[in-house]
Amino acid sequence: MWALKAFALGSLAFAIVGYSVAAALAVAAQASDTTVDVGVGPLLLVSVALEGPTRVTTFGSGILVLALFGGAANLIAARLIRRRAGRGPIA
């Protein structure tokens with residue numbers, strides 16, 4: 001049960017931070033009247049584009065992948081901490 005909690009808390013934390021950073025970049029791009037595409041490889045985090053006289057902001061699936069990566073990293077860190085605390089082998 002502790003592993004699920006560690007994964008869920010890590011995922012939630014990385015999702016909130018990822019979304020906040022993406023939203024801040026989108027607001028900055030809209031305020032400066034520029035377009036921006038932020039992503040890692042084929043995974044899009046946020047995109048601000050011109051479509052006629054308006055700006056369109058799109059949040060991509062990269063935020064979900066970032067959250068899953070963060071949950072896995074938090075789970076690994078929790079396992080290492082638990083092992084160093086001397087609670088025995090982890091099943």
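The values are calculated or read from the model by the stated rules, or taken from the named source; none is laboratory data. None of the values given here were measured: they were computed from a predicted structure. Cβ: placed from backbone, ideal geometry, glycine included. Neighbour counts: every protein chain shown.
Please verify whether the stretch 49-60 includes one or more residues that are modelled with pLDDT under 90, exposed (fewer than 13 other Cβ atoms within 10 Å of the Cβ), hydrophobic (A, V, I, L, M, F, W, C) and under 18 Å from the mean Cα position of the chain (by Cα). Walk me through it before giving the result.
The first filter runs over the stretch 49-60 and keeps only residues modelled with pLDDT under 90, leaving 50-55.
Keeping just the survivors that are exposed (fewer than 13 other Cβ atoms within 10 Å of the Cβ) gives 50-54.
Subsequent filtering for residues that are hydrophobic (A, V, I, L, M, F, W, C) retains 50.
From what is left, the residues that are under 18 Å from the mean Cα position of the chain (by Cα) are none.
Scanning the stretch 49-60 turns up no residue that is modelled with pLDDT under 90, exposed (fewer than 13 other Cβ atoms within 10 Å of the Cβ), hydrophobic (A, V, I, L, M, F, W, C) and under 18 Å from the mean Cα position of the chain (by Cα).
Only one entry in L80, L66, L75 is modelled with pLDDT of 90 or more, assigned to a helix (DSSP H, G or I) and over 21 Å from the mean Cα position of the chain (by Cα), namely L80. Number of residues in the stretch 24-46 that are without any contact (Cβ under 8 Å) to a residue 24 or more places away in the chain, assigned to a helix (DSSP H, G or I) and within 18 Å of the chain's Cα centre (by Cα) equals 3.
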